[in-house]
Amino acid sequence: MSSAAWREPGCHPVVDGVFRIPLDLPQDGLRAVNVYALETDAGLALIDGGWHRDDTHRELADALASIGRSPSEIHDVFVTHSHRDHYTFAVELRRRYGTRVHLGAAEGPGLAAIARLNNNVPEASLREARRAGAGDLADAMYAATVDEPFDIADWEAPDSWLTGGVLDLPGHRIEAVETPGHTKGHLVFHDLDTPIAYTGDHILPTITPSIGFELGDWDLPLGKFLASLEMMVDDKRVIAPAHGAVGGEVGERARALLEHHAGRFAEIEELLAGGDRVTGLDVARYLPWTRRRVPFTALDTFNQLVAVCETMAHLDVLAARGTAHVHDRDGIDVFRI
Ligand SMILES: [Zn+2]
C-alpha cells in the first residue's frame, strides 16, 4: 500500500460491523484522522470524532452513505483523547444530533484550561520551552497562535468521563484502557470479541507520538508514556490507529517505540557524558529529528516547539532516574551528568 492509500475517503471495513473512516486534515502533517464506525443495536457508535472543520460533516456523511448509513444515527462517540483532531467534531455531532460524548477522565483539567485560556495558545508547551531556554521560540509560537481562529464551543465538556473498564455499548464489548503519555487521559479501546485495538495516538504505525502536548501540569509525561507502552509489549492485538492503515501487532510496535526512546536516551547521555552543562534547547539542537533525521533548524516553528518539549520530557526522565542532575539558572533548567 502506498503511504497515502490509507487516506482514501470512504468506509473501509475492518471487521464485521466496523468501518474505518479517514477524515481530511488539510493543514496538518498527519494528513488525515481515522474515526471508526461501529454498527450497534441502536445505530452507530464512533471511536474518535475527528476535527470540526467546515467540510467534516459532509465528508463523514458521504462516507457513511456508501454503507447506507447517516451521521444522525451516531448515538455515542468514545474519544481517545482531547486533541482537536479527535475531539472537536464529537462535540459538533452532539450539537446536531444529541450524540453522547465520552472522554478519559484525566483529560478534564486540560479541557478546563482550554476554556480558561479561550484561545489556541499552547501555553503549557510555551512554559516548557522557556524552561528549556527557548524563550524566543516560545514568543514566536505565542505570536503565531494567539490570533488563530478559535471557537470555545468546540471544547465543551463531554457527557461522561471514562476511566478503565467495559463501555456501555449494547452489541459490542469494548474495554477502555488508560494509557497516559501522549496526553494524561489518553484511552486505548480493546474490542473483547475481535483482535482489534483502537490505539488512538498512543500507538501509531509509522510515527512516534508527540509527548505531553497539552495544557496543564507537566508531570513526567514521557515516564507515563513508557509505562503505558511497557504494559503492551506482549499484546498480540491488531493496531487500528488514529492515523494510518489498520495492521501490525500492538506488542511489536510498542517494543519498537520503547527502542526508539532508549536510543534517544543513549544519544542524550552521550552528549551529557562530555561533561558540559546543557539546556533543553542545547540538546534539541544536538539531536537529529524526524524519521529522516534532519537538524533542528530544518523544522518549522511548531515542530521546533514539539521537539524542545520532547527533549525536556527525555531530560526530565533522566533526572528522575538519577542519571542527570538538574539545577535552575534564572528560570532555565541546566542539566549535567
Ligand atoms: Zn493526539
Where in region 179-207 does the amide nitrogen come within less than 20 Å of the point 7 Å from the Cα of Arg292, taken along Cα to Cβ? 205-207
Note down the nm distance, to one decimal, between modelled labels 7 Å out along Cα→Cβ at Ala65 and at Ala262. 5.1 nm
If I stretch the segment between Arg255 and Leu192 completely, what's the gain in nm (0.36 nm per residue apart, minus their alpha carbon distance), one decimal? 20.4 nm
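Excluding Gly17 itself, what net charge comes from residues whose Cβ is under 12 Å from its Cβ, given Lys and Arg +1 and Asp and Glu -1?
So the surrounding residues net to -4.
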Between the DSSP loop rule and a limit of at most 16 other Cβ atoms within 10 Å, which trypsin sites (Lys or Arg not before Pro) in region 17-68 are left? Arg31
Work through the residues other than Ala115 whose Cβ is under 11 Å from its Cβ and net out their charges, Lys, Arg +1 and Asp, Glu -1. -1
Alpha-carbon centroid distance for the pair region 285-337 / region 1-74, whole angstrom: 36 Å
Nonlocal amide H pairs with Ile196, under 5 Å, H built at 1.01 Å: Asp191, Val238
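For the chain, calculate the relative contact order in percent as a whole number, restricting contacts to Cα pairs under 8 Å that are 6 or more residues apart. Don't skip to the answer; put the middle values down first.
Numbers: 677 pairs, mean separation 48.1, N = 337.
Relative CO of the chain lands at 14 percent.
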What angle do you read, to the nearest 10 degrees and between 0 and 90, between the alpha-carbon axis of helix 84-97 and the longest principal axis of the chain? 30 degrees
Which whole-Hz couplings ³J(HN,Hα) result when phi for each residue of region 28-38 is put into the Karplus expression 6.51 cos²θ - 1.76 cosθ + 1.60, θ = phi - 60°, listed in order with x for Gly and Pro? 10, x, 6, 6, 7, 10, 8, 10, 10, 9, 10
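The numbers here are math on the coordinates, done by the rules we state, and not lab data. Remember, it's a predicted structure, so these values are computed and weren't measured experimentally. Here the Cβ is made from the backbone with ideal geometry for all residues, glycine too, and neighbour counts use every protein chain on show.
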